[in-house]
Amino acid sequence: MIREAELKNINRINWEQKYPDWKDWKWQVRHTVRDIETIEELLDIKIDNQHKKHIKRTIEKFPMAITPYYLSLIDINNYKNDPIFKQAVASEKELIISKCDMVDPLAEDEDSPVEGITHRYPDRVLFHVSNVCAMYCRHCTRKRKVGDKDHIPNKEIIEKGIEYIRNNSQVRDVLLSGGDPLLLSDEYLDWILTEVSNISHVEVIRIGTRVPVVLPYRITDRLVNVLKKHHPLWINTHFNHPKEITASSREALRKLADVGIPLGNQSVLLAGVNDCVHIMKKLVQKLVQNRVRPYYIYQCDLSEGLSHFRTSVGKGIEIMESLRGHTSGFAIPTFVVDAPGGGGKIPVMPNYLVSWSNDKTILRNYEGVITTYKEPDSYKATSCDLNCDECKLTLNLDDDKEIKALGVQKLLSDYDETISFTPKNNERIARRDNG
Ligand SMILES: *Cc1c(COP(=O)(O)O)cnc(C)c1O
């Protein structure tokens, strides 16, 4: 088991004393560390020359950027195994391109109707409003864009994105992402949030940000006063290891939660960082202590340069097995594989359904207890023909909302005649056509 003491930052350096502007987020951004020599200097460590040469070669392809704050969390006595070091400092292993690697594994660029928007799901869009990050995570799924000056979206591109959302009334949830949206200025962010929330069909806005983890001082009173004007606003952050939950990051989370922003967390399962049931359990428990609801654990994507971070999918399932039943239900995220090729997030978990018959479902719990749920003999499902006026349930759908079954839901629905899906280029069907 991990002892609490090991999770504490044991570095002796008093950073705030050494750098009086330490808690000024703009000072942190101005002093972003981009080379290995500065890391050695700041942490007072000596990295051997061979290793340094490898790091420099990697940075040429995948640039490095680390906030002094995040760097200060590294345990200098054991930096090679440190989860912060591994997420922040370039490694020569990033240059290994494996056979399954892809530049854009989630096909975000292909599912993009206008620059900056990825429209994958029916009712929500991903809106890339910033290409700037406080820290370049070594495991970034958008590694293809990191440090790429060409992709900084200007106001014109953002306006086109807003226009797209305005013209597509099915979009009820807009997810601001990047880059990190919280690296934009308060005024610019206020403008984007105002424009998006003024669109009548947008019901909720979300921001995905790693700022509470790598630059907690960015969460200023001024910023939270801007954010709270745009409710309902949700924020998802990205803690991967309990060590990242420090006094400063707790303070940032407190400020966000205090203005009524529901907080979630998305972690990435990373080999050598958090591929451990004890670390993950500690992480989710610390998150809920700070009013953050664990939302997703992602299987590491197939992006180029991430092969050394990838675990088996089974490791994630093992982690889920160790959480459900063992800790508070609201501390348990959903483990997902983001489908290569752009299918979206697919949840995976241990099997709890052992068997079933006509009227019995056999389930097992986290202890291995096998139980029977006897189903009612009298249940008569309400069949749906989309005629709400004749229905005993009381939804009364708006007339303007056209209901259309999609995907597997279509096969289950009563009002759609589809009974099967056949893959494109199916050889059996081709034989029919040729025969
Ligand atoms: C993750 C993601 C979303 C949001 O998915 P949720 O499951 O609703 O959190 C939306 N669009 C894209 C392209 C995504 O990758």
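The values are calculated or read from the model by the stated rules, or taken from the named source; none is laboratory data. Only a predicted model underlies this, so the values are computations on that prediction, with no experimental measurement involved. Cβ sites come from the backbone with ideal geometry, for glycine too, and all protein chains shown count toward neighbours.
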**Asked** Got a number for residues in region 315-342 being within 16 Å of the ligand (Cβ to nearest atom) and either charged (D, E, K, R) or not assigned by TED's automatic domain parsing to the domain that holds T237 (or both)?
**Response** 1
**Request:** Tell me which of these W191 doesn't satisfy, since it passes every other one: (1) within 16 Å of the ligand (Cβ to nearest atom); (2) surrounded by fewer than 17 Cβ atoms within 10 Å (Cβ to Cβ).
**Result:** (1)
**Asked** Can you pull out the residues in region 240-249 that are among the aliphatic types (A, V, I, L, M) and either within 16 Å of the ligand (Cβ to nearest atom) or surrounded by fewer than 20 Cβ atoms within 10 Å (Cβ to Cβ) (or both)?
**Response** A247
**Message:** One residue is enough: does region 222-239 have a residue meeting the conditions within 30 Å of L95 (Cα to Cα), surrounded by 19 or more Cβ atoms within 10 Å (Cβ to Cβ), out of contact with any Phe, Trp or Tyr (no Cβ under 9 Å at 6 or more places or on another chain) and of a type in the set (S, T, N, Q)?
**Reply:** yes
**region 287-311, residues that are crowded, with 22+ Cβ neighbours inside 10 Å, away from the ligand (no atom under 16 Å from the Cβ) and outside any loop (DSSP other than H, G, I, E, B)** = L287, F309
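Among the residues of region 63-81, are any part of a helix (DSSP H, G or I) and touching a Lys or Arg at 6+ places or on another chain (Cβ under 8 Å)?
no
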**Item:** Scope region 377-423; condition at pLDDT below 90, among the basic types (K, R) and within 35 Å of the chain's Cα centre (by Cα); matching residues
**Value:** K401, K404
**Request:** Run down V277, V211 and say which single residue is β-branched (V, I, T), closer than 27 Å to P83 by Cα, surrounded by fewer than 21 Cβ atoms within 10 Å (Cβ to Cβ) and touching a Ser or Thr at 6+ places or on another chain (Cβ under 9 Å).
**Result:** V277
**Request:** Identify all residues within region 116-161 that are touching a Pro at 6+ places or on another chain (Cβ under 8 Å) and aliphatic (A, V, I, L, M); write none if there are none.
**Result:** V129, V146
**Fill in**
If we ask which residues in region 82-123 are within 16 Å of I47 (Cβ to Cβ) and in a loop (DSSP other than H, G, I, E, B), their number turns out to be 4
**Asked** Is it true that L386 is touching a residue at least 24 places away in the same chain (Cβ under 8 Å), assigned to a loop (DSSP other than H, G, I, E, B), over 30 Å from G316 (Cβ atoms) and not acidic (D, E)?
**Response** yes
**Request:** Please find, within region 119-148, the residue that is farthest from the ligand (Cβ to nearest atom) out of those that are among the hydroxyl-bearing types (S, T, Y) and out of contact with any helix residue (DSSP H, G or I) (no Cβ under 6 Å at 6 or more places or on another chain).
**Result:** Y136
**Prompt:** Of all residues in region 214-224, which are under 21 Å from I84 (Cα atoms) and more than 20 Å from the chain's Cα centre (by Cα)?
**Reply:** Y217
**Message:** So, in region 149-179, how many residues would count as being more than 16 Å from the ligand (Cβ to nearest atom) and modelled with pLDDT of 95 or more?
**Reply:** 8
**Request:** Could you tell me whether region 360-370 includes any residue that is outside the structural domain of P294 (by TED's automatic domain parsing), in contact with an Asp or Glu (Cβ under 8 Å, 6 or more places away or on another chain) and farther than 16 Å from I317 by Cβ?
**Result:** yes
**Request:** Kindly check whether there is at least one residue in region 208-219 that is more than 16 Å from the ligand (Cβ to nearest atom) and of a type in the set (S, T, N, Q).
**Result:** no
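Step by step: first the residues of region 93-130, then only those that are among the charged types (D, E, K, R) and free of Cβ contacts under 8 Å to residues at least 40 places away in the same chain, then the one that is surrounded by the fewest Cβ atoms within 10 Å (Cβ to Cβ). Which residue is that?
Among those residues, the one meeting the criterion is K99.
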**Prompt:** So, of the residues in region 343-363 that are of a type in the set (S, T, Y) and touching a Phe, Trp or Tyr at 6+ places or on another chain (Cβ under 9 Å), which turns out to be farthest from the ligand (Cβ to nearest atom)?
**Reply:** T361
